[in-house]
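Heads up: the structure comes next, in structure tokens.
The numbers here are math on the coordinates, done by the rules we state, and not lab data. Bear in mind that the values here come from a model prediction, so they are computed numbers and not experimental data. When we count neighbours, we look across all protein chains shown, and the Cβ atoms used for this are built from the backbone with ideal geometry, even at glycine.
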Amino acid sequence: MALYQENDLRIYNSLTRKKESFEALNAPHLGLYVCGPTVYNDVHLGNCRTFISFDLVYRYLTHLGYKVRYVRNITDAGHLENDADEGEDKISQRARLEKLEPMEIVQKYTLGFHQIMEKFNAHPPTIEPTATGHIVEQIQMIEKILEAGLAYEVNGSVYFDVAKYNQSNDYGKLSGRKIEELISGTRELDAQSEKRNPLDFAIWKKAAPSHIQRWQSPWSEGFPGWHLECSVMSTKYLGPTFDIHGGGMDLKFPHHECEIAQNKASQGSEGVRYWMHGNMLTLNGQRMSKSTGNTLLPLELFTGNTEKLEKGFHPTVVRFFMMQAHYGSQLDFSNEALLAAEKGYHKLMDAWQKLQNAQAGSNGEFSVSEWRQRCYAAMNDDFNSPVLIAHLFEAVRFINSAEGAQLALNAKDLELLRQTFHDFLFDVLGLEEISESQGGEKLDQVMQVLIELRAQARADRDFALSDAIRDKLAAAGVALKDGKDGTTYTLEN
RNA sequence: GGUUCCGUGGCCGAGUGGCUAGGCAGGGCUCUGCAAAAGCUCCCACAGCGGUUCGAAUCCGCUCGGAACCUCCA
């Protein structure tokens, strides 16, 4: 029996605003779509949080035994900065600034994005389609929407007719908006616009003469609307109805709302059964955003090469920090919070080291099977990683309380504890052990020599010598810890 | 202005009606030659004001404060 059959996973569905029991459409197969980045710029930490959140989702679903097809797109077709008819798209703008071809920009920042996600130990999606690789399919979807009478062409551009769609559908159901309120909230439609209604959105845009990325279509030489690619690629790879669609909270409106409308208009079904939204990462209480410049780049964070931090942090520590908050909550980023997370991370990993070397004893108070159930219950409750981590720390306390290497567990329970701890720490949370010694085995051997010499000095009660060894090593960034089973060392990073 | 959400102990952050996570920091104790590490333990909080209830951080109302979205952004 697969794990997913014995676990009642509940997911907060943005569409219904409730936690719902998750039922896969075609178990064990499961379709997951996540909106990926627009690759015109370095990916910032806020972007990363969303992808790390959904990496947790992907990992847990996989752990439960689902065969997940995980699709995450790369937006590599330039889209306009705003709804104005003229203007330069972001990729072209960047290409001009860097004196590169648009596709060089795309390549450069796609590679950079992949490198960063790898550092965070985020699994790549199983399919990573690009918008420019699916122009034909996008044109086909536009044709279907036109056939359905829910779009209109003006001067080579095609717009989705939101008002008409809303006559028989509920535009705004995902984000809780009413079309009347949206209309009253918009500025007057300016005379230049080709749109019949300010809420209408472009699904094909005729390219201005200066626009570099352009494709031939039945309507004009131009480029697809931004919202279209996700509708097209999710249905192409996951089918007209699929399990989970994720993305950042900021994409709920209008992007995801438009996706629903496009799906319904082109195929009659809305496509997505469970909508999940990751919340924003804030910096100094404000959202990180490429356009406002309130950002922190992952590399700045890793190296500490920024005024916002005292020091650098290992990617897995940052990941741990993020895992200590629920994906649906806003998380504020600060130097202090990271320092606290770093210490907690080491405590967790030290316990894992001890657990690996632990030996079985006789059964005590700690019930591994009950504890294990609590770990699953935490994750089943809408991927509640902070509660899972709290449970892991319960196990840490138990592990640390052992006399010597022997735990108060029989061999079978010890193995179950080890296995469960490992599964959640590494497979589900996706944490990694920071390799302690960059010096590798050589350093380890040298350290063993020093530790033995110091142990001898202490046995001889030559504390001046033993303390000198300890102090000088500390000054060199190597901390000695005298435990019950001898001395170990850790390196400061 | 509209829509959504949040306000938890020194800090971060879970928790949707009673059983009051967890991490970091701080106090005490144990261990240790000393220190660190580790363990035990203490600090029992829920923006404010009303209301519902036998009982509320948790439900309702109001006030104050903050965030996201309503224009490209994860």
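Listing for the model above:
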quantity	calculated
Charge-dipole axis of the range A:3-278 as Lys and Arg at +1 and Asp and Glu at -1 on Cβ define it, positive-most pick from A:34, A:216, A:120	A:120
Anisotropy class of the range A:3-278 from Cα gyration tensor, a/c 1.5 cut	oblate
Those aspartates and glutamates that a straight Cα-Cα span of less than 16 Å connects to residue A:119, excepting residues fewer than 8 apart in one chain	A:42, A:55, A:300, A:427, A:432, A:433
Derived scalar couplings ³J(HN,Hα) [the range A:465-476; Karplus, 6.51 cos²θ - 1.76 cosθ + 1.60; whole Hz; x for Gly, Pro]	5, 5, 6, 5, 4, 5, 5, 5, 5, 4, 5, 8
Anisotropy class of the range A:271-363 from Cα gyration tensor, a/c 1.5 cut	oblate
Convex hull volume per residue for the range A:272-311, taking Cα atoms only, in Å³	111 Å³
Over the range A:204-361, volume per residue of the alpha carbon convex hull, in Å³	204 Å³
Mean Cβ neighbour count within 10 Å, used as a protection proxy, ranking A:46-58, A:352-364 highest first	A:46-58, A:352-364
Unit charges at the beta carbon, dipole of chain A: most positive-side option, A:154, A:384, A:416	A:416
Built amide H within the under 5 Å cut-off of residue A:67, gap 5+	A:29, A:30
Semi-axis lengths (Å, descending) of the ellipsoid that matches the C-alpha gyration tensor of the range A:339-379	22, 18, 8
Selected from A:333, A:263, A:286, residue furthest toward positive end of dipole (the range A:253-404; charges at beta carbon)	A:263
Dipole magnitude of the range A:440-491, debye to nearest 20 (Cβ charges: Lys/Arg +1, Asp/Glu -1, about Cα centre)	100 debye
Cα-projected label distance for residue A:416 with residue A:98, points at 7 Å along beta-carbon direction, nm	5.3 nm
Fraction in percent of alpha-carbon pairs per bin - 5 Å, the range A:90-147	4, 15, 15, 17, 17, 16, 10, 5, 1, 0
Space enclosed by the convex hull of the alpha-carbon atoms of chain A, per residue, Å³	164 Å³
On Cα atoms only, tilt of A:102-119 relative to the major axis of chain A in degrees	30 degrees
Per-residue [θ]222 nm for chain A (sum of -39500 (n - 2.57) over DSSP H runs n ≥ 4, rounded to 500)	-13500 deg cm²/dmol
Degrees, to the nearest 10: A:135-147 long Cα axis against longest axis of chain A	50 degrees
Point-to-point label distance, residue A:155-residue A:346, nm (Cα→Cβ direction, 7 Å offset)	6.3 nm
Nearest-20 debye value, chain A charge dipole, Cβ charges on Lys, Arg, Asp, Glu	360 debye
For the range A:282-428, diffusion coefficient by Stokes-Einstein and Kirkwood Rh (Cα), 10 °C, 1.306 mPa s, µm²/s	94 µm²/s
Full-stretch length increase - residue A:221, residue A:460 - with 0.36 nm per residue and alpha-carbon distance subtracted	77.4 nm
Segment residue A:169-residue A:212, length gained on full extension (0.36 nm per residue, minus Cα span)	11.8 nm
Rg and Dmax [Cα atoms of the range A:440-491; Å; Rg one decimal, Dmax integer]	10.5, 31
DSSP beta bridges in chain A [antiparallel fraction, %, rounded to 5]	55 percent
By average C-beta atoms within 10 angstrom, highest first, the peptides A:327-336, A:292-301	A:292-301, A:327-336
